[in-house]
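Have a look at the structure below, then the notes.
The values are calculated or read from the model by the stated rules, or taken from the named source; none is laboratory data. Fair warning: this is a prediction, and the values are worked out from it, not measured in the lab. Cβ coordinates were reconstructed from backbone atoms using ideal geometry, including for glycine residues, and neighbour counts include every protein chain displayed. Ligands, DNA and RNA are excluded from the accessible area calculation, which covers all protein heavy atoms including side chains. Shrake-Rupley method; radii C 1.70, N 1.55, O 1.52, S 1.80 Å.
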Amino acid sequence: MKSRLLFLFLGCALFGPAAASAKIVARAVAYEQAGVKLEGWLAYDDSKVSATRKAPGILVLPEWWGLTDYPKSRAEQLAALGYVAFAVDMYGAGVTTADPKRAGELAGQFYGKPLMAARARAGLDQLLASGLVADGKTAAIGYCFGGAAAQALAYSGVPLAGIVSFHGSLIPASREAAERNHAKILVCHGAVDPFISANEIEAFMKSMNEGKFDYQFISYAGAVHAFTNPKADEIARTAGIPVAYQAAADRRSWEHMKTFFKELFGPAAQ
């Protein structure tokens, strides 16, 4: 009995305080870009990361619905892996929608324009301003519209080690973009995504090969658009668009992302 009590005492002494204080810190961060008031979402595990124990930083770029709970939850999942994550506000503080027509209008102001990379870069600046990110260790992930934004950000020449696009729109890289880019690229694509045509895939792959990008393009059988979002089936019913969740593709693409980040950074947080 005495030995058991001693074991419990030592266990509490050695592990209890750390376990009690360990938590995912997640909070809103107000910032601006070109006069537009924005509000992102910062997440990290304070038992693994601090100003004196920094970790790789991951930018999270949202679907065309805006900064909803879904990209915030992904930021928190990344934090649980030991990364510092910042979910970007692309539209403006509090601006989200469940209407695909409105989402198309909001996202449409970015495609083909410098604003896409500039707004994403403002989020990256906030991630770096946290003081928690290890020097030279940043990457970006994006979903749907956010996948395209991650590509645009990389093409702009910012110092990203890598990007991951989940069921994202595809932006072929120009020769100038290939010269500026520093990032390795992982594209996680739904093999039967009705929003991305075979011609779009061909043009994207051609630009990757001609630009000599370090890239991976992985297709998941049977997966359509938004395959990582657990609420995609509900969205399909309410919004009337051909999206669907696929658990296998969600799990596999997340594991592929984790392997990709280990290649880029090694263990997330020492």
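Observations on the model:
- Cα-centred dipole magnitude for the stretch 160-207, charges only on beta-carbon of K, R (+1) and D, E (-1), debye, nearest 20: 160
- Across all Cα pairs in the stretch 83-143, the calculated P(r) in 5 Å bins from zero up to the longest distance comes to 4, 15, 23, 24, 16, 10, 6, 2, 0 percent per bin.
- This model, with +1 at the C-beta of Lys and Arg and -1 at the C-beta of Asp and Glu, gives the chain a dipole about its Cα centre of some 780 debye.
- Heavy atoms of residue 64 accessible to a 1.4 Å probe, total area in Å² rounded to 10: 80
- Counting only DSSP beta bridges with both residues in the chain, the antiparallel share comes to about 35 percent.
- Projecting label points 7 angstrom from Cα along Cα→Cβ for residue 50 and residue 179 puts them 4.6 nm apart.
- Nearest 10 degrees, 0 to 90: helix 145-155 Cα axis against the chain principal axis: 90
- Under conditions of 10 °C and 1.306 mPa s, the stretch 13-146 yields 104 µm² s⁻¹ as its translational diffusion coefficient, taking Rh as the Kirkwood radius over Cα pairs in the Stokes-Einstein equation.
- Reported value for the stretch 85-215: 110 Å³ per residue, from the convex hull of its C-alpha atoms.
- Calculated log₁₀ intensity ratio I(q)/I(0) where the Debye formula runs over C-alpha points of the chain, q = 0.11, 0.16 Å⁻¹: -0.60, -1.21
- The simple Förster model, with R0 at 30 Å and r as the Cβ-Cβ distance, assigns residue 28 and residue 218 a FRET efficiency of 0.35.
- Between 182, 25, 57, the Cα set farthest toward the positive side of the dipole of the chain (charges on each charged residue's Cβ, about the Cα centre) is that of 25.
- A dipole drawn for the chain from +1 and -1 charges on Cβ atoms has a positive end, and of 138, 82, 235 the residue lying farthest that way is 82.
- A quarter of the convex hull surface defined by the alpha-carbon atoms of the stretch 30-87 gives 4.5 nm² as the mean projection.
- When the solvent-accessible area of the stretch 96-156 is split by element, carbon and sulfur atoms take up 52 percent of it, the probe being 1.4 Å.
- Whole-number D in µm² s⁻¹ for the stretch 219-270, Kirkwood Cα-pair radius fed into Stokes-Einstein, 10 °C, 1.306 mPa s: 129
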